[in-house]
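Novice: To start, I am sharing the structure in question, which I have written as structure tokens.
The numbers here are math on the coordinates, done by the rules we state, and not lab data. Not measured: the values here are computed from a predicted model.
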């Protein structure tokens, strides 16, 4: 059975355009906050982890991960564990 792509589906082009316009700046600042917080606390993280977490927080969606150790350290982020089926 094919998997559905992850993410948000916005069918209205005007709404999608407004969403994308606002997404960049809001996600940028949230990612910067996450980066600063993790670094201040001495938590190791990957280069793209703040961007991934910021996007999930901005869209108010949980982050579904097979391995969620790093992301569980990000304040306010809902992390769901997922084990891929064989």
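Novice: Which length gain, in nm to one decimal place, applies between residue 83 and residue 48 when the Cα-Cα distance is subtracted from 0.36 nm times their residue separation?
Specialist: Numbers: separation 35, 0.36 × 35 = 12.60 nm, distance 2.17 nm.
Between residue 83 and residue 48, full extension yields 10.4 nm more.
Novice: May I ask you to compute the full-extension gain from residue 75 to residue 37, defined as 0.36 nm times their residue separation minus their alpha-carbon distance, rounded to one decimal in nm?
Specialist: Numbers: separation 38, 0.36 × 38 = 13.68 nm, distance 0.89 nm.
Roughly 12.8 nm would be gained on extension.
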